[in-house]
1. Being buried (at least 18 other Cβ atoms within 10 Å of the Cβ), in contact with a Pro (Cβ under 8 Å, 6 or more places away or on another chain), under 18 Å from Leu29 (Cβ atoms) and modelled with pLDDT of 85 or more narrows it down to one residue among Cys60, Cys105; which is it?
2. Checking Gly436 against (1) without any contact (Cβ under 8 Å) to a residue 12 or more places away in the chain; (2) under 60 Å from the mean Cα position of the chain (by Cα), only one condition comes out false. Which one?
3. Look at region 347-367 and say how many of its residues are surrounded by 13 or more Cβ atoms within 10 Å (Cβ to Cβ) and either closer than 17 Å to Arg383 by Cβ or among the small types (Gly, Ala, Ser) (or both).
4. Which of the residues that make up region 423-457 are within 16 Å of Asp489 (Cβ to Cβ), in contact with a helix residue (DSSP H, G or I) (Cβ under 8 Å, 6 or more places away or on another chain) and buried (at least 20 other Cβ atoms within 10 Å of the Cβ)?
5. Working only within region 181-199, note down all residues that are touching a Ser or Thr at 6+ places or on another chain (Cβ under 8 Å) and surrounded by 12 or more Cβ atoms within 10 Å (Cβ to Cβ).
6. Could you list, in sequence order, all residues of region 206-246 that are among the acidic types (Asp, Glu) and either under 30 Å from Thr301 (Cα atoms) or surrounded by 16 or more Cβ atoms within 10 Å (Cβ to Cβ) (or both)?
7. In this structure, is Glu378 more than 58 Å from the chain's Cα centre (by Cα), at pLDDT below 95 and either charged (D, E, K, R) or crowded, with 20+ Cβ neighbours inside 10 Å (or both)?
8. Out of everything in region 322-333 that is at negative phi and not hydroxyl-bearing (Ser, Thr, Tyr), what residue ends up being surrounded by the fewest Cβ atoms within 10 Å (Cβ to Cβ)?
Amino acid sequence: MAKVLSVKLIVIVSLQLHIMNYYQGVHCLQRFEKQPSYSEVNPGEDIKLDCIIISKKGSCSWQKDNKPVGIYLKKYEGAKNEEEGDCSLWIRAATLEFDDGQWECQVTASDFTTQDALTSTPVRLVRPRIEFRGTQLQPGQNLTVSAGDRAAIKCLSRHGNPPSRLEWYLDKDDVTAASSSESLPESDNPRTWLTTSVLDLPLDKHHHDRTLYCVAVHESYPTKSQYVKARLDVTYPPEVKLIGVPETDLEEGETVILKCETDANPIASVVWRRAGNLDVASLEESLQFRPISRKDSGTYTCQARNVLGSSEPLTVQLDVKYPPSISSVGRDKMTTATLFSPVTFACEADANPTPNYQWLQRLPAAGGGVSSAADGVETVLVRSSDQMLILRNVTYEHQGEYVCRVTNTIAGTHRFAQSEAVSIQVVGAPQILREGGEEVIAAKGSDATLRMVVCADPRPEIVSWEWESNQVKAGDSTGKYQAHELKKDGREDCFESRLQVGEVEPADARNYDLLVKSDRGFDRHSLRLVVHEPVSMMTLIFSATGCLLISFLCVFCAIHWTRSDKRRFLGRKDYRAADLESEKSDLNSMAGQKPSRMESKLLHCNHTGPGEIIYSPTTGKTSHVIIGGSSPEAMKVRLAAMVLQPPTRV
């Protein structure tokens, strides 16, 4: 691979012209129109060294490093218009080994008597160059260094007189302070200087892709300065971060794009893997699910790798939520169970998050039948809150339709599924339902009705009410006792049995047994009839009178106790009559009213006797005026007590 080569072609032209030519009275000497200049060329490319002579009469020749150079086809070729003064030289397929050096363009004199030789100004000040680790960086070449290293970068400026001043810039930031410079005479020309600057720069990944400039400042440059630059290629192992990780519940059917954003130099390769799976999930930076499904739930790991190493693996957990779906509640839609036998149903459902289960029994609607959601209102009874419905002792109350309801919550929204109905049919001996109270209360002389519900499949053959030695079968009566025929209850296979007792007497208060029988068995249960005699009017009057007398007595005692307490308080002699007006004002302000005429009159009369209490009636309430000796502070306490609570001793 060819390296980029800068061929320094410093041309010293030595022209000796000594021509005295008279042509039509005109005297002409050879001179330069264009001299060779400093040039750079990449290896393998062609370059032209310009050398134009005015009034050329002599012959052209070229030297390299003070040695003559011949004209060779396809290597060193002269210009085609040499007779017109063009002594330029083409260098074909330039190489560092043969063509790098100082080139001179020479023209012989017009004749041996003419001294018209000219010497061009040598081009010795050249563009600076950057070296790193002993190698010159060619134009367009990167400066490669590992992150965390301290790079010693060298910049050289040659053939300056006086020496060039070298400055360093990282993009627009001046970093010259981190460098050290020295200038030494050139070995081939001690009158010029070689200036070297070494930049000691710690580099990390944040310096990657920035541009480093070495600027040579000298008055000989057309723009007073020349620069050379290099792009920093800072290498570092990969670092990754995850983008697109769901922050809320992830529901099945949504689109999910996980991105493993990689920062690395050189470029790293990315691998996505799923925990528990040897296969690679993705080799792209992005892992996409369009859409995501429940089977995509799992733990995914992202890792990047380049020649410098691997990143720390990053893990993301995808927990795909989905609403419940019921797969089975059993093979049979109808289950027939014997009374008091066990029955079990299992509700199999799939949901994430884990759902809650309920087994609901549909209750009979008003007027018979079973309520359903299609009717607008569904009456249900929660029989179980587990996945399994276990009825250890089935009774006729368990007979009917059951549904399994499964619910969970996704993103704050309740989701549910409900199974098809399954039914339980109970068969066996009759059963009297123990519901309602254990006794019936009736007033003496009124009719009493005793009711009980009996369930049976098959229907009971014998239904009778019994007490003491008496028995009345359903549909029969005896005296004031009548047993009604069984009446259909709202529930399946259930009936209501009633015994009516007319004009009950205290002697009718007893237990009445209901007996039901079938070929499957029998059941018996009792209700107690309680008979209350009516209360006479005189008893009510005496009771009311007694309550009133007790109330009046309590009020009288309270008033008497309050007055006695006040008299003892007013008997004190440290009360001044002069304080009465202020006390009266305080009392009126607290009561929110003006003093009555009678109160005003009392306030202005002279009392020389001991303190006493005078009650003056006013509209709506009684005002208390206190006359006699008492201190203002005590009065304040008394007033507060009179308003807020019964008087207390002070």
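The values are calculated or read from the model by the stated rules, or taken from the named source; none is laboratory data. Please read these numbers as outputs of a predicted model, since none were measured by experiment. Cβ sites come from the backbone with ideal geometry, for glycine too, and all protein chains shown count toward neighbours.
1. Cys105
2. Single failed check for Gly436: (1).
3. Of the residues in that region, 13 qualify.
4. Val426, Gln431, Cys455, Ala456, Asp457
5. Ser181, Ser183, Pro185, Glu186, Trp193, Leu194, Thr195, Thr196, Ser197, Val198, Leu199, listed by residue number.
6. Within region 206-246, the subset among the acidic types (Asp, Glu) is 209, 219, 233, 239.
Within region 206-246, Asp209, Asp233, Glu239 qualify.
7. In short, no.
8. Of all residues in region 322-333, those at negative phi come to 322-329, 331-333.
Now restrict to residues that are not hydroxyl-bearing (Ser, Thr, Tyr): 323-324, 326, 329, 331-333.
On the way: Pro323: 20, Pro324: 22, Ile326: 20, Val329: 21, Arg331: 7, Asp332: 10, Lys333: 11.
Top of the filtered list is Arg331.
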